[in-house]
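Notes to accompany the following structure.
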Amino acid sequence: MARIVEVATSRLSRLLHTPFVTALRRTDHVVSVAVRVTDADGGTGFGEGPQVWRVTGESLESIEACVLGPLAESLLGWDPTTEPLPQISSRLGQAVVGNGGARAATETAVLDLLARAAGVPLARYVGGTELSVGTDVTLPAQGGFAGTVDASAFSQVKVKVGLDPADVDRVVRIAREAPSVPVRIDANQAWDLDGAASAIERLLAAEVPLEFVEQPLPAWDLEGHAELRRRYEVPIVLDESVFSIHDLRRAIAASSGDVVNIKLAKCGGIGAGLEIAAEAVDAGLDVMVGSMMESELGVSAAAALASAIRPNHVHDLDAAWWSIATDDQGTPYRNGQIVLDDSPGASHAAGRVVPDDAVWTTRS
Ligand SMILES: [Mg+2]
């Protein structure tokens, strides 16, 4: 292993087999930024940064500028084998504030490089015990259940709600289609306190087995989330409210949530994700791992984190499934699990996602 000599970006573009709709946006194709780091021995590692204007505020252009600017400057000439994971994270965290997706993509690329050199899968390199973790499938807001999404590869659903007044009826219908499966709902900040209370009461009155309600209120409304916890026994998941460990501490102090949904593009990488998970669990909160609309490359890194912090849990890692052809024999999605390859690093995912003729913009 030797020092890093080049950092590069390229755009990944994928069509979705079904449009993805949340309270925040509608998407039928996804473009993200692939990051590649190269060391002096010619070793490479890859990561992915998603454009998420309305959650992280990052764009394709901002990710590229951040990766090829301050993050590349912090990496070039440096030998990552000399520092453990927390120091790799803090090196990137000191180079730039915010920009979690750019930092996560770059950190993942460095960790992939190190895991490949060590000959172990990324999940094992970061402390994971399993090469497969459970995942739900997220049913888009609006539109029906049956007929629009063949979700038979999954046993757990998470339903996006918030846009449509008929959402609650739709959740009730979905719950009745699979009465033995607890239902997760995610409002992506769309409700206010009264709207959330009314929806939860209607769902409870209809005896929907709610596993949790995710981010019912705006990210800033820690007190509102705490009020919902006081009123109802349904667990509250914080997603958009918790990016960093400092957000987590504020949420804990305000008693705002029961579970934290950790995403690499929010927290800035696996190193920060491990730190947030450890502190959340210490405070008695539960943790799950989710992702943005990313390909197998980004989702494999998130699954590696999930394997390291809570291997036997149903996470929220179906994002890549939306851009995989349903007849793809190599799909990592099998029986409600995302199955990671045992090849070194995340090379299997990179090999499937990054085209051989990708055009790279380099900084060396
Ligand atoms: Mg969410």
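The values are calculated or read from the model by the stated rules, or taken from the named source; none is laboratory data. Nothing here was measured: the structure is a model prediction, and the numbers come from that model. Cβ: placed from backbone, ideal geometry, glycine included. Neighbour counts: every protein chain shown.
Among the conditions (1) at pLDDT below 95; (2) assigned to a helix (DSSP H, G or I); (3) aliphatic (A, V, I, L, M), Ala325 misses just one, which is (2). Checking each residue in the stretch 154-180 for being more than 23 Å from Ala320 (Cα to Cα), more than 15 Å from the ligand (Cβ to nearest atom) and assigned to a loop (DSSP other than H, G, I, E, B) picks out Asp164, Pro165, Ala166, Ala178, Pro179, Ser180.
Exactly one residue out of Val281, Val287 is more than 15 Å from Glu48 (Cβ to Cβ), at pLDDT 95 or above and either in contact with a Pro (Cβ under 6 Å, 6 or more places away or on another chain) or within 16 Å of the ligand (Cβ to nearest atom) (or both): that is Val287.
Yes/no per residue for (1) more than 26 Å from Gly351 (Cβ to Cβ); (2) out of contact with any Lys or Arg (no Cβ under 7 Å at 6 or more places or on another chain):
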{"residue": "Ala2", "(1), (2)": "no, yes"}
{"residue": "Val37", "(1), (2)": "no, yes"}
{"residue": "Gly43", "(1), (2)": "no, no"}
{"residue": "Gly69", "(1), (2)": "yes, yes"}
{"residue": "Pro80", "(1), (2)": "no, yes"}
{"residue": "Leu85", "(1), (2)": "no, yes"}
{"residue": "Leu92", "(1), (2)": "no, no"}
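Considering Ala254, Ala301, the condition of being surrounded by fewer than 24 Cβ atoms within 10 Å (Cβ to Cβ), away from the ligand (no atom under 14 Å from the Cβ) and at pLDDT 95 or above is satisfied by Ala254 alone. Within the stretch 206-233, residues that are more than 23 Å from Val172 (Cα to Cα) and free of Cβ contacts under 8 Å to residues at least 60 places away in the same chain sit with their Cβ atoms under 6 Å from residues that are more than 16 Å from the ligand (Cβ to nearest atom) and assigned to a helix (DSSP H, G or I), at 6+ positions apart or across chains, in these pairs: Gly224/Leu193. The set of residues in the stretch 259-272 that are in a helix (DSSP H, G or I), within 15 Å of the ligand (Cβ to nearest atom) and not aliphatic (A, V, I, L, M) comprises Lys266, Cys267. With respect to the conditions (1) surrounded by fewer than 20 Cβ atoms within 10 Å (Cβ to Cβ); (2) within 26 Å of Arg26 (Cα to Cα); (3) aliphatic (A, V, I, L, M), Ala205 falls short on a single one, namely (2).
With respect to the stated conditions, Ser307 is outside the structural domain of Val31 (by TED's automatic domain parsing), touching a helix residue (DSSP H, G or I) at 6+ places or on another chain (Cβ under 7 Å), assigned to a helix (DSSP H, G or I) and more than 28 Å from Gly57 (Cβ to Cβ).
Would a scan of the stretch 208-224 turn up a residue that is at pLDDT below 95, at positive phi and out of contact with any His (no Cβ under 7 Å at 6 or more places or on another chain)? No, the conditions are met nowhere in the stretch 208-224. Criterion applied to Val242, Val213, Val183 was being within 16 Å of the ligand (Cβ to nearest atom), under 25 Å from the mean Cα position of the chain (by Cα) and either over 28 Å from Gly98 (Cα atoms) or not assigned by TED's automatic domain parsing to the domain that holds Lys160 (or both), and the one residue passing it is Val183.
Please work out if Asp286 is closer than 16 Å to Glu214 by Cβ, of a type in the set (Asp, Glu) and touching a residue at least 24 places away in the same chain (Cβ under 8 Å).
On the way: closer than 16 Å to Glu214 by Cβ: yes; of a type in the set (Asp, Glu): yes; touching a residue at least 24 places away in the same chain (Cβ under 8 Å): yes.
It is true that Asp286 is closer than 16 Å to Glu214 by Cβ, of a type in the set (Asp, Glu) and touching a residue at least 24 places away in the same chain (Cβ under 8 Å).
Could you please find all residues in the stretch 188-209 being of a type outside the set (S, T, N, Q) and within 15 Å of the ligand (Cβ to nearest atom)? Residues satisfying the conditions are Ala190, Trp191, Ala196.
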